[in-house]
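K.L.:
Sharing a structure below in structure tokens format, with a few things to ask.
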Amino acid sequence: MKKTLKGQSILEAQQFSREILDDLFSEADKMQGVCKFLDGGDVPEEAMHECGDIKAGMAEKKIALLFYEPSTRTWSSFYVAAENLGARVMAIPPARQFSSVVKGETVKDTIAMFCGYGIDAIVMRSDKEGMAKEADEAAHSNGRQVSIINAGDGKGQHPTQALLDLYTIKRFFENELRKDIHKEKISIAYVGDLANGRTVRSLAYLLNKYQDSEKLEFFFVSPSVLKMRDDIKEYLEKKGVKFSEHEKLIDVANKADVCYMTRVQKERLEGIQVDYDFIRSNCSITKEVVKKLKKEAIVMHPLPRDPTFGEIPEWFDSDPRAKYIQQAENGLYVRMALLKKVLLG
Ligand code: CP
């Protein structure tokens, strides 16, 4: 296990240790102060100096955004994060439409080009599981120190989403419940398309890196055709994390501290027939589920949500347990912290 993120690629949630995560999250707290300062807010002198030092260090850093799939949050939060830190950003237009990927160029060749242009980090979203690792191997074979940051690889993982998800859970425990997260038992219901959702996979791994196994309980809630894949279940069994599988959220709604909702990944179903009426009634936030949810639970979602499927209806947005907008905002602080740690240490 590496002791620092400096110069590392960020490929999967399993690569983090509790020590690295605590350090990263404390940096993300500071980044919130930096953002406030950049927005013209009144901040302590220390935060102003911190901001100046970071910008001086980052001025020579070049960060490329290479996205093979659509994105709102991940793309824009990394873009703003890099700009806030004072780095130079090279935003490649959607790769599958406007780059030479259209002409059949391989990831290996694409990454070789970026290495030659003196890029320090490539934030990469891909449509194929394992593509971020392929890019990392290509960067290494060019002998250049380029960090690949996996911004979601097909059905594989989305480690930076898991970082902001865990940061959101930690802040809720510490700031709202006034509890030390490491001393608490956490029950989390992962709901929806668990077969194709990369965010749930990364969060399951990451929580196990951050919390002792006996303090975790996972409820996997999905219709049978969208169940959590075996690799995660085998990993959790090996680590001694208690988990169970369910088809209806109502059955576990009163037990979960965190309800992590997801949309059906229509773009990845590959011929699988999904009963949307079943999902709408059983794997969504309904009035009946809301009545059973703990008063001190939180509802999260990586977003985008799908209005036609309605896993979180808009009427729930004003409920104090709805944390998904704050969750997305936390992505900016966590991604600023991550870029700083990877590029400056
Ligand atoms: N959560 C997430 O990855 O959102 P985007 O697809 O909009 O980046």
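K.L.:
Spot the failing condition for HIS49; the list is (1) modelled with pLDDT under 95; (2) buried (at least 18 other Cβ atoms within 10 Å of the Cβ); (3) assigned to a helix (DSSP H, G or I), and only one is missed.
P.N.:
(2)
K.L.:
Could you check region 127-150 and list, in sequence order, the residues that are under 15 Å from ALA13 (Cα atoms) and not basic (Lys, Arg)?
P.N.:
If the condition is that a residue be under 15 Å from ALA13 (Cα atoms) and not basic (Lys, Arg), then GLU129, GLY130, ALA132, ILE148, ILE149, ASN150 are the ones that fit.
K.L.:
Mind telling me which of the residues GLU174, GLU129, GLU105 ends up being acidic (Asp, Glu) and either touching a Gly at 6+ places or on another chain (Cβ under 6 Å) or in contact (Cβ under 8 Å) with a residue 24 or more places away in the chain (or both)?
P.N.:
Result of the check over GLU174, GLU129, GLU105: GLU129.
K.L.:
A further question follows. Mind telling me which of the residues SER26, SER76 ends up being within 16 Å of the ligand (Cβ to nearest atom) and either among the small types (Gly, Ala, Ser) or in a helix (DSSP H, G or I) (or both)?
P.N.:
Going through SER26, SER76 in turn, just one is within 16 Å of the ligand (Cβ to nearest atom) and either among the small types (Gly, Ala, Ser) or in a helix (DSSP H, G or I) (or both): SER76.
K.L.:
Looking only at region 53-73, count every residue that is within 16 Å of the ligand (Cβ to nearest atom) and among the acidic types (Asp, Glu) and tell me the total.
P.N.:
1
K.L.:
Being more than 22 Å from ILE250 (Cα to Cα), of a type in the set (Asp, Glu) and outside any helix (DSSP H, G or I) is the filter here, so list the residues in region 202-231 that pass it.
P.N.:
The answer is ASP212, and nothing else.
K.L.:
Please enumerate the residues belonging to region 16-47 that are among the polar types (S, T, N, Q) and touching a residue at least 24 places away in the same chain (Cβ under 8 Å).
P.N.:
Result: SER17, GLN32.
K.L.:
Here is a follow-up. Of everything in region 306-345, what is surrounded by fewer than 20 Cβ atoms within 10 Å (Cβ to Cβ), among the charged types (D, E, K, R), farther than 27 Å from THR4 by Cα and within 16 Å of the ligand (Cβ to nearest atom)? Give them in sequence order.
P.N.:
ASP306
K.L.:
Of these, ALA121, ALA151, which one is at pLDDT 95 or above and under 12 Å from the mean Cα position of the chain (by Cα)? Don't jump to the end; show me each part of the working.
P.N.:
Details: ALA121 fails: under 12 Å from the mean Cα position of the chain (by Cα).
Matching residue, one of ALA121, ALA151: ALA151.
K.L.:
I would also like to ask the following. Tally the residues that are surrounded by 15 or more Cβ atoms within 10 Å (Cβ to Cβ) and not small (Gly, Ala, Ser), restricting the search to region 277-289.
P.N.:
Qualifying residue count for the region: 7.
K.L.:
Moving on to the next point. Looking at region 1-28 only, could you name the residues that are closer than 14 Å to ALA47 by Cβ and surrounded by fewer than 14 Cβ atoms within 10 Å (Cβ to Cβ)?
P.N.:
Scanning region 1-28 gives a single hit, SER26.
K.L.:
Does ALA195 satisfy being in a loop (DSSP other than H, G, I, E, B) and more than 16 Å from the chain's Cα centre (by Cα)?
P.N.:
Values: in a loop (DSSP other than H, G, I, E, B): yes; more than 16 Å from the chain's Cα centre (by Cα): yes.
Yes.
K.L.:
Quick check on region 286-299. Is at least one of its residues within 16 Å of the ligand (Cβ to nearest atom), assigned to a strand (DSSP E or B) and either within 30 Å of ILE148 (Cβ to Cβ) or touching a Pro at 6+ places or on another chain (Cβ under 9 Å) (or both)?
P.N.:
no
K.L.:
Go through region 52-64 and give me each residue that's crowded, with 17+ Cβ neighbours inside 10 Å and closer than 28 Å to MET131 by Cα.
P.N.:
Within region 52-64, MET58, LYS61, LYS62, ILE63, ALA64 meet the criteria.
K.L.:
Go through region 65-91 and give me each residue that's buried (at least 18 other Cβ atoms within 10 Å of the Cβ) and β-branched (Val, Ile, Thr).
P.N.:
Of everything in region 65-91, just one residue is buried (at least 18 other Cβ atoms within 10 Å of the Cβ) and β-branched (Val, Ile, Thr), namely THR74.
K.L.:
Okay, next question. Check ALA82 against each of (1) modelled with pLDDT of 95 or more; (2) more than 16 Å from the ligand (Cβ to nearest atom); (3) not assigned by TED's automatic domain parsing to the domain that holds LYS242 and name the one condition it does not meet.
P.N.:
Going through the list (1) modelled with pLDDT of 95 or more; (2) more than 16 Å from the ligand (Cβ to nearest atom); (3) not assigned by TED's automatic domain parsing to the domain that holds LYS242, ALA82 breaks only (2).
K.L.:
Only one of (1) of a type outside the set (Lys, Arg); (2) under 17 Å from the mean Cα position of the chain (by Cα); (3) farther than 30 Å from MET113 by Cβ fails for ASP42. Which number is that?
P.N.:
(2)
K.L.:
What is the number of the single condition among (1) more than 17 Å from the chain's Cα centre (by Cα); (2) without any contact (Cβ under 8 Å) to a residue 12 or more places away in the chain that GLN8 does not meet?
P.N.:
(2)
K.L.:
For region 169-186, indicate whether the set of residues that are within 14 Å of the ligand (Cβ to nearest atom) and among the polar types (S, T, N, Q) is non-empty.
P.N.:
No, there is no match, as no residue in region 169-186 is within 14 Å of the ligand (Cβ to nearest atom) and among the polar types (S, T, N, Q).
K.L.:
Hey, another quick one. If ALA121 satisfies every condition in (1) within 20 Å of LEU24 (Cβ to Cβ); (2) hydrophobic (A, V, I, L, M, F, W, C); (3) assigned by TED's automatic domain parsing to the domain that holds GLU27; (4) within 16 Å of the ligand (Cβ to nearest atom) but one, which is the exception?
P.N.:
Condition (4) is where ALA121 drops out.
The values are calculated or read from the model by the stated rules, or taken from the named source; none is laboratory data. Quick caveat, the model's predicted, so the values are computed rather than measured. All Cβ positions, even for glycine, are placed from backbone atoms using ideal geometry, and neighbour counts span all protein chains on display.
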